[in-house]
Structures are given as C-alpha cells and as structure tokens.
1. Out of region 72-89, which residues are over 18 Å from the mean Cα position of the chain (by Cα) and free of Cβ contacts under 8 Å to residues at least 40 places away in the same chain?
2. Kindly indicate whether any position in region 57-72 is crowded, with 18+ Cβ neighbours inside 10 Å, in contact with a Cys (Cβ under 9 Å, 6 or more places away or on another chain) and polar (S, T, N, Q).
3. Would you point out which residue out of 84, 25, 36 is more than 15 Å from residue 127 (Cβ to Cβ) and modelled with pLDDT of 95 or more?
4. Considering region 333-362 alone, what residues qualify as being closer than 16 Å to residue 375 by Cβ, surrounded by 19 or more Cβ atoms within 10 Å (Cβ to Cβ) and near the ligand (Cβ under 9 Å from one of its atoms)?
5. List every residue pair whose Cβ atoms sit under 6 Å apart, with the two residues 6 or more apart in sequence or on different chains, where the first one lies in region 330-352 and is farther than 12 Å from residue 367 by Cα and modelled with pLDDT of 90 or more and the second, anywhere, is hydroxyl-bearing (Ser, Thr, Tyr) and more than 8 Å from the ligand (Cβ to nearest atom).
6. For region 252-266, check the following and say yes or no: at least one residue is more than 16 Å from the ligand (Cβ to nearest atom) and crowded, with 22+ Cβ neighbours inside 10 Å.
7. Go through (1) at pLDDT below 90; (2) within 12 Å of the ligand (Cβ to nearest atom); (3) surrounded by 22 or more Cβ atoms within 10 Å (Cβ to Cβ) and name the single condition residue 318 misses.
8. Is it true that residue 303 is closer than 30 Å to residue 365 by Cα, buried (at least 18 other Cβ atoms within 10 Å of the Cβ) and away from the ligand (no atom under 16 Å from the Cβ)?
Amino acid sequence: MEVRRTAPVKLVVPDERRDDLHESAQQFLHCANRAAEFCWSDDSYTECVTSNTTARDALYDDLREETNLTANLVQEAIRRAVHATKGCVERWKNGKRVSQPEFTSWSMLYDKRSATFYRNEVSLSTVNGRVECDFELPSDSPTPYERYVLSEEFEFRASTLQYDAVDDEFYFHITTRKDDSEGDGGDHPEGSADTGHQTVLGIDLGVNSLAVSSTGRFWQGDDYDHWCREFEKRRGEMQQRGTQAAHNALLRLGKREDAWRKQYIHTVANELVSEAVEHDCDGIVFEDLTDIRERLPNATWHHVWAFRRLYEYVSYKGPERGVSVEQVEPNYTSQRCSRTDCGSTHEDNRHGEHFECQKCGYEVNADYNGAKNIGLRYAQKRRHRLRSSPKSGGGDAPVDVRMNGGTVNGESHRPIAGD
Ligand SMILES: [Zn+2]
C-alpha cells in the first residue's frame with residue numbers, strides 16, 4: 001500500500017529572480033501544450049498518443065531547442081500532457097465528451113533532479129540557472145513539511161510549483177510517498193490509509209454559490225457573475241454601434257472575456273483540488289452534469305459553461321496530485337437530509353438557499369447539505385458494490401466523506417495554500 005502526502009509550502013523568492021520563475025512557467029506551458037497537441041487526435045481515441053516514451057522521443061529535442069528549460073522540466077511538461085491525454089482517452093472510452101487537453105494555469109512540475117531540498121530551502125531549476133528559495137513555514141510544529149518531507153520514511157516524489165496571482169506569492173506543493181507494503185501497522189496521521197479506506201470530498205455546483213465542498217468551503221462566484229454581466233453589457237453596446245471598428249473591438253472583447261473566464265475557473269479548480277489534498281482526500285465527487293440545465297432552471301449559459309469547465313479542469317488537475325475524480329447521479333441530493341443518523345428525503349426540505357429537515361429539524365445551507373449528500377451517495381454506491389462482490393479486492397475499499405464537523409464556514413475564498 002502506497003501512502004502519499006502533499007505539503008503546501010510558501011516560498012520566499014528573491015525579488016530579482018521572480019521573473020525567472022514566471023518565464024520558466026510560460027515555457028513549461030508552451031511545452032505541455034505542444035505535447036498535448038502532438039498527443040491528441042479528434043478522430044479517434046485509438047489515435048491519441050498515451051505513451052510517454054513516444055511523446056518524449058518525438059518532441060524532446062525540439063522543445064529543448066525552443067525553450068531554455070532544463071531537461072527534467074521539459075520531460076515533466078511532456079509527462080503532464082501525456083497524463084492528461086490518458087485521462088481524456090479513458091473518459092472518451094466511457095462515452096463522455098472530451099477535447100484536447102489545454103494547459104493555461106501557472107503550474108510547473110519538479111522532480112528530484114530539477115528541485116533540490118534542504119532543511120529550510122529548496123533550489124529550483126529555471127530558464128536562468130538555479131534559484132534558492134527559503135520556506136516560509138507556519139509556526140506550529142511539526143509542520144506538514146517536517147512530518148512528510150523531512151521524514152526519512154517518506155520518499156520525495158514530485159512537486160508542483162504554483163503562483164497565486166491574487167496575493168502575488170509562490171507556493172510549492174511537495175508530494176512524498178511512503179511504501180507501506182511490509183504492513184508494519186505504523187501510525188498514519190489519518191489512520192485510514194493502511195486499510196485501503198478512501199476519503200472523498202463532495203462538491204455541489206449551483207447558482208447561489210458556484211461550488212461548495214463537503215468540508216464547508218464556499219466558492220461564491222459573485223465576481224464571476226458580475227463580470228459576465230459586465231461583458232454582456234459592453235457586448236450589447238458595441239453591437240448597437242454596428243461600425244467596423246466596433247466589430248473589431250467586439251472580437252477583441254470576446255477573446256479577452258474567454259481568457260478571463262478560463263483563468264477564473266482554473267483558479268477555482270486549483271483551489272478545489274488543493275482543498276481535497278489538504279484534507280487528505282483520495283477523490284473528489286461531482287454530480288453528473290448531463291441534465292444540469294433541467295435541474296437548475298435559473299442557471300444561465302455562463303453558469304453551465306462554468307460547471308462543465310470546472311469539472312473538466314478538476315478531472316485532469318486532480319490526478320496530477322493523486323486525487324481521483326468521480327461523478328454520481330444527482331437525484332434528490334438537494335432534498336435529502338445529510339445528517340448521517342437521519343437521511344430523510346422530502347421536497348419541502350429545501351427552500352432556496354435554506355435547508356430544513358422536516359423530520360429531524362436539521363437546518364443548514366442548502367448547497368453545503370447537497371455537497372455532503374453527493375459525497376455520501378458515492379460512498380453508498382461503493383459500499384453497495386463492495387457488498388455485492390466481496391472478493392473484489394483492495395480496489396473496492398469503503399469510502400468516507402470528509403466533512404467539517406457539521407458547521408458551515410460561510411467565508412469564501414480562503415487562499416490557495418491555506419493558513
Ligand atoms: Zn433530517
């Protein structure tokens with residue numbers, strides 16, 4: 001049994017070296033997108049390239065020519081694209097709609113040759129030589145960094161360098177691995193990994209809040225709604241003018257709007273995956289989006305666009321950080337009481353943003369209640385499958401849903417790397 005841990009660490013990057021990291025990330029994106037293009041075929045999934053060796057052999061020399069990245073960063077960028085393509089091919093085989101993976105978020109993958117660790121700092125390879133960055137560690141001890149990264153039991157795997165544009169900070173998400181196959185029954189911080197027990201994060205998508213997790217984190221999406229309305233207003237004004245200049249401006253506006261929307265959803269997707277990683281979740285569960293228009297009559301087209309993109313982005317970002325992504329049928333998840341000792345379903349339980357169970361009186365934010373139910377539905381499904389095929393082995397372990405003590409934290413947008 002393999003145990004993985006990810007510890008997010010804030011980096012202190014010297015001012016004069018920040019541009020080197022930004023330029024490296026740009027070139028890393030370039031490599032990943034070139035590789036994704038190479039791997040993809042719109043015709044058939046059998047024509048997509050899912051072998052890392054094939055992609056590397058075809059692209060490595062060109063990408064070294066085209067960029068100033070070191071060998072290992074180029075290889076990690078190719079690996080990322082192959083990995084994403086594999087994920088898409090899997091979904092395609094299952095009859096889901098897919099498209100060529102596209103990388104736009106600020107994120108680079110380091111392996112142990114491109115990143116060297118010291119007790120309080122890391123040395124990172126960039127387009128302009130190495131940069132030494134100190135760790136800014138929280139004062140409580142032991143920090144996740146000390147527990148997992150400096151621990152000899154854990155072996156360093158790979159780490160993702162991310163940049164948070166909102167507070168202009170760099171974060172290093174360090175992933176370590178511990179091979180537990182001797183079955184020493186040692187003390188796992190969360191106590192569940194050795195039994196193959198899984199923990200999932202449930203996500204509810206909606207109009208009141210764009211996304212809510214079963215841990216009680218809210219992505220309100222107010223600014224998303226606001227800017228979508230603004231863009232629409234300005235589009236309307238330009239269309240009325242009808243001149244060639246206005247037409248050109250309209251095209252530019254469309255491009256900007258598109259880029260802005262994507263960037264917004266990328267940020268939410270990254271934070272959502274971080275929420276799962278920080279809470280040691282093995283999976284993220286969404287509702288199936290097929291009939292989302294019928295289920296959410298108040299949703300505008302840009303809501304529906306955001307839901308689909310968010311699911312799509314999370315389903316390739318999650319696996320990169322060891323988190324699987326699942327979907328369940330959403331039937332009655334909004335009307336069911338998520339209290340584990342109740343579970344009563346009634347159409348009068350929900351009134352807009354408010355949920356009040358007619359049976360046990362449980363009162364809670366309706367979207368948060370939905371998020372817990374989505375996680376619970378997946379857990380139920382897995383338990384059912386486990387019972388009907390008891391010999392199915394380690395792949396079908398029981399599932400728990402990560403929650404937040406039943407209290408709602410109405411704060412939206414905690415920073416990416418948390419406290
Ligand atoms: Zn109830």
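1. 75
2. Yes.
3. Every option except 36 fails the conditions.
4. Hits for region 333-362 are 336, 337, 338.
5. 345/332
6. yes
7. All conditions pass for residue 318, except number (2).
8. Yes; evaluated as a whole, the condition is true for this residue.
The values are calculated or read from the model by the stated rules, or taken from the named source; none is laboratory data. This is a predicted model, so every value here is computed, not measured. Virtual Cβ from ideal backbone geometry, glycine too; neighbours counted across all protein chains shown.
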